[in-house]
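Take a look at the structure set out below.
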Amino acid sequence: MTQTNYGGTNYQTNIGGTGNTTFIGGNHYHGEHPTFTLIEDEEIAAQEQENLSHEFYRGISARYEHILAAVDQPRPTKLNEITQKFREQRVVIVHGASGQGKTTLAYRYLHDCVPHHRRFQVQVVEGRQHAVNLANALITQANESDTAIAVYVDVSPNDVGWEELVKQLSHHRKIQTLVTIREEDFCRVSIAGTELQFAPVELAFDRSEAEEIYHFLTETQQPPHILDFEDAWKRFGGDGPLMEFVYFVTQGDSLRKKLCQQIQRIEDEIRAGTRSEAELQLLRLVSVAAAFEARLQVKELVRFLQLPAAKRTLEVMEKEYYLLRTLENGTLVGGLHPVRSTILVNLLTDSIVYPWVDSAVTCLPFIVEHDIGSFLLYTFLRDETELQPLFTILNTYHPAQWNAIAGVVRALIWLGLKQYVVANQQLIFDAYTDCQQGWGMVLDSDVANASPGVLENVLSTLAPLLSEERRAQIEALRSRQTNKREIFVPAFNWLSRLTQAPSPPQSESDWTGMAEVLFWMGRLQVPLPISDWLALTDLENVVETLPLTTLADLALGLFYAYKAGYHAWLTRHQARLINRFRQETQTVAWEDDGQIVRSHFIIELFRPGQSPEAAQAIQTKSQRGFIGLAMERLELCRKLFPDREV
């Protein structure tokens, strides 16, 4: 029995025995797809410990083995904060920029604070149904366990449905869910509200934490290249992620300097004729993609580059130089860490000989389609003056998968919104200066035209209370606002150029992408042969197989893009749709007069045989979440039957 204390709370770790927990296939729970893994402790051999220390301090993405090798700095302040947050909520979300040690901190917390054989890591979330299946399997583990379990979710930019998984797990009193997510993705996702209660932990690297980490790293031996912490902090520059500071202290150089030396060595060997220039181009393309967490397809990329001895080249780049890594049994290639990839991009591209945009254009066809949306989204953050070649090639880029098309559309809508804000930036400033907090009511903030006429009604109601001069000032501000339809022009133009029908959906994320694309096609009135495209798709069986939320999104997309097809589909399946809705939402009475739909549902207040504490917990949750439950059902009805009043 081992015991660790953080924040005044003892967590006992039972090294022997697994209680009533059953595992399928060793330490993996498989089910229909590989889903989650038991995080186990194991003995680390001396040689392996040395290897783990070597790679960890070189800036490789953290693994649990690094914690077992004790090569990390525990960061007790942050561990205390996570412990305290778990007293407040069942879900804790750790967010911060790349390189700030989110994954390492999460693994350290799980190692030190969660009983052995009670910690699980979710590998990937592929959609809402997969999230529900994962949640059900993990809930089964929790129910069969004699103590609480912890579930770790390390969110990647391309995970689909992780929010649903966390929401499902958050209701179980014996499950604590720890999430790590990059700052950009945390800001983008919408997870607030009554559906999911969570406690955030923000990671930001500062001087005080740097000093703690410095003393940890130098407690056995003072690095010969550093005088003391003050010298280290000054030479580091006081600005950068934790990962780069650790590299500087342990390796003697900045990470950038080390990578620069490696690149120069490769370049010198190319000049000497002992190495192919295709190897440097390989590294350049992989780095440009991986900096935005996109992966490239190895087979197609190798053929394009005509890379000699491709297998050996990839092996050397990965295991000797630590510059890239192969994934999915060697079929894909990506970066070791976004921070390293970003540094490599800065070293391998410039404004004259190797412009960044040229590499982005070249690698675009080789990016895994699932990753294209996030790659473009991060790309559009760059200065638009350098992106014109990318816009040109994007016009001819036609993904085969619905979820990839949806990713491109989302990125282009974001780009249109960014351009719209820039175009109206001075106006927004003037409106805020003139109206302060009321500027949002003066300007038309309904950029998607989701509630047409609402703002005009508000202003007409307020008009009698305003002087004629004030009304004239407001009208002058509103007249300067550019046409909000311009936001959707990039997405409309790109969708209009699609010439081939996408492949029929093969996964839930494909169906979700299809629903999203159909919605925007209809909303933007894109002239495409939707009926011909849908003729290739089985829309019958999904009535029973898709999650109800995804099915509702699909119904809404059909309604907007292909109304005749939607009404024919609804006629065939209305009874089945209503039956599913009633079963999954505890609806006891359903009213539909052809114009108005009403759903009468019940909520759970107790279960037979429950303890008083469990019954009280359910009642508290039901009271707090009643409005949320009602809104969930309202949204489902509106999407399934968009031409009815609800």
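The values are calculated or read from the model by the stated rules, or taken from the named source; none is laboratory data. Quick caveat, the model's predicted, so the values are computed rather than measured. Cβ coordinates were reconstructed from backbone atoms using ideal geometry, including for glycine residues, and neighbour counts include every protein chain displayed. Note: accessible area is taken over every heavy atom of the protein model, side chains too, but ligands, DNA and RNA are not part of it. Shrake-Rupley method; radii C 1.70, N 1.55, O 1.52, S 1.80 Å.
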Against the conditions (1) crowded, with 17+ Cβ neighbours inside 10 Å; (2) within 30 Å of residue 438 (Cα to Cα); (3) among the hydrophobic types (A, V, I, L, M, F, W, C), where does residue 561 fall short? Just the number, please.
(2)
Qualifying helices (runs of 4 or more DSSP H) (wholly inside segment 250-359; at least 2 residues being touching a Pro at 6+ places or on another chain (Cβ under 8 Å) and among the basic types (Lys, Arg)):
none
Give me the pairs: first residue in segment 253-273 and free of Cβ contacts under 8 Å to residues at least 60 places away in the same chain, second residue open to solvent by less than 50 Å² (accessible area, probe 1.4 Å), beta-carbon distance under 6 Å, and six or more apart or on different chains, which are they?
254/248; 266/280; 269/275
Enumerate the pairs (first residue in segment 414-428 and of a type in the set (Val, Ile, Thr); second residue anywhere and surrounded by 17 or more Cβ atoms within 10 Å (Cβ to Cβ) and not in a helix (DSSP H, G or I)) with beta-carbon separation below 9 Å, excluding pairs fewer than 6 apart on the same chain, so at least 6 apart or on different chains.
428/443
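Residues are listed down the side, and each one gets a yes or a no for (1) more than 21 Å from residue 418 (Cα to Cα); (2) more than 40 Å from the chain's Cα centre (by Cα); (3) open to solvent by 80 Å² or more (accessible area, probe 1.4 Å); (4) modelled with pLDDT under 85:
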residue: 452; (1), (2), (3), (4): yes, no, yes, yes
residue: 460; (1), (2), (3), (4): yes, yes, no, yes
residue: 481; (1), (2), (3), (4): no, no, no, no
residue: 488; (1), (2), (3), (4): no, no, no, no
Mind checking which pairs have a first residue in segment 218-238 that is open to solvent by 40 Å² or more (accessible area, probe 1.4 Å) and a second that is outside any helix (DSSP H, G or I), Cβ under 7 Å, 6 or more apart or different chains?
225/252
Contact list, first residue from segment 382-404 and touching a residue at least 24 places away in the same chain (Cβ under 8 Å), second anywhere and surrounded by fewer than 20 Cβ atoms within 10 Å (Cβ to Cβ) and of a type in the set (Ser, Thr, Tyr), beta-carbon distance below 7 Å, six or more apart or interchain, is 398/499; 400/503; 401/503
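Just to check your reading of the model, which residue among 410, 382 is among the basic types (Lys, Arg) and outside any helix (DSSP H, G or I)?
Values: 410 fails: outside any helix (DSSP H, G or I).
When all the criteria are applied, what remains is 382.
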Looking at segment 301-320, which of the residues that are touching an Asp or Glu at 6+ places or on another chain (Cβ under 9 Å) and more than 30 Å from residue 52 (Cα to Cα) is most open to solvent (accessible area, probe 1.4 Å)?
308
Qualifying positions in segment 529-547 - open to solvent by 80 Å² or more (accessible area, probe 1.4 Å) and closer than 15 Å to residue 584 by Cβ:
544, 545
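Given the options 497, 471, name the one that is at pLDDT 90 or above and open to solvent by 50 Å² or more (accessible area, probe 1.4 Å).
Every option except 497 fails the conditions.
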Given the conditions (1) open to solvent by 20 Å² or more (accessible area, probe 1.4 Å); (2) closer than 28 Å to residue 59 by Cα; (3) of a type in the set (A, V, I, L, M, F, W, C), which single one is not true for residue 348?
(1)
Return a yes/no flag: does segment 159-167 have any residue that is modelled with pLDDT of 85 or more and surrounded by fewer than 22 Cβ atoms within 10 Å (Cβ to Cβ).
yes
